[in-house]
Every structure is written in C-alpha cells, then in structure tokens.
C-alpha cells in the first residue's frame, strides 16, 4: 500500500512543481510589464492560469512570490549563461561580456528594477526592503562569481576583482539606459571597448 501511495503522489508533486514554476515566470512577466503597483497575487495567478488560493498555497505573501520569482529567474539565467560557455571564455572574452550585458537588458532586469523601486519607495514595505537587499546581494555575488569564472580571471592579481566588478556595474547602467530607448548600437561599441580593456587587465 505504501508503494502505491508513493507512486500516486509523484504526479501530484510534479503538478505542484509545474504550478510553482508557472507562478514564478508569470510574476516576473507581470513585474516587468506592470510594475509593483500593478502586480498583485491575483493578477499573477490569472496570468499563470491558477487560482489565487493555489498561488497563496505556494507563496503565502506577495513578498514571498516576487522575491522568489526574481531569484528563480536569476538562477535560470545563470545556468543558461554557464551552458553557453562550458569551457569558459576560450579566448573570446568579447562574447562573454556581451552575454553578461544581456543579463541587464531583458525582462528579468526590468522586473528586478521594479522590485528595487518598490523596496525603496513604497510606504510600509520595510519587510520587502530587507528581503530585496539580501536578494540583490546574493544575486550580485553569484553574477560576479560567474563573470570571474567565464572570463578565466585571476582574482589574486591586484585590480582584477575591481575591474570585473566595474564592468558589471557598467553593464547595469547600460541596462538602465536601454529602458528608455533602444541602445543596441552604442552598447555594442561600449562592450567592445571593455573587452579590449579587460584583455589588457586580465592578460
């Protein structure tokens, strides 16, 4: 009987996992499109095709849902980025830098930005501020770690860590510029210049 129960439970666990994933993806899409004020649990649940009760079963609070969503997609992007360069830069640091900058020009960055703004400005959101601050620190550390790894950079050398971090800070700025206008052409020139600078700094 116990074995039958375990078998019966597995599809239910799979369904639960799929529901959670749909909610997380819908939450990021809603944040990117509508901002914090327009992204309620009910709106996300409708977009994900589940009931509000099901959404709250997985994520009891709004803060739980949206911080988990940004973290989930950030982890997915990190996995995809590593998969693009399984052997590291392999002499093509320009391609790595372009892929890193792309992290800051898509829906995930817009969603995270709305979350940051809400954490800083929305009244009564002290709990959200604390969670977003911790999340941003964790995602930032992971992004820096990936950049060091893919660029084959030696952090023990003076200035290397700061050079890579400076690039990531610049990439975030390029992402902000891209929110207003299509910045593709200028961004490509800036990335090419940073690639040349990094070749010198990391050589």
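Quick notes on this one:
- Folded to 0 to 90 degrees: helix 107-121 orientation relative to the chain principal axis, Cα: 80
- For the chain, the longest principal axis of the C-alpha atoms and the axis of helix 2-34 are separated by about 60°.
- Fully extended contour minus Cα-Cα distance, from residue 141 to residue 64, at 0.36 nm per residue: 25.6 nm
- Rotationally averaged projected area of the chain (alpha carbon convex hull; nm²): 14.6
- Length gained when the stretch residue 84-residue 161 is fully extended (0.36 nm per residue, less Cα-Cα span): 25.5 nm
- Where only DSSP H runs of four or more residues are counted, the chain gives -27000 deg cm²/dmol as its mean residue ellipticity at 222 nm, each run worth -39500 (n - 2.57).
- Between 0 and 90°, nearest 10: helix 184-202 axis offset from the chain longest Cα axis: 60
- Stretching residue 154 away from residue 183 to a fully extended chain increases their span by 7.3 nm, per 0.36 nm per residue minus the current alpha-carbon distance.
Quick note: the coordinates plus some simple rules give every number you see, no bench work behind them. Just so you know, these numbers come straight off a predicted model, no measurement behind them.
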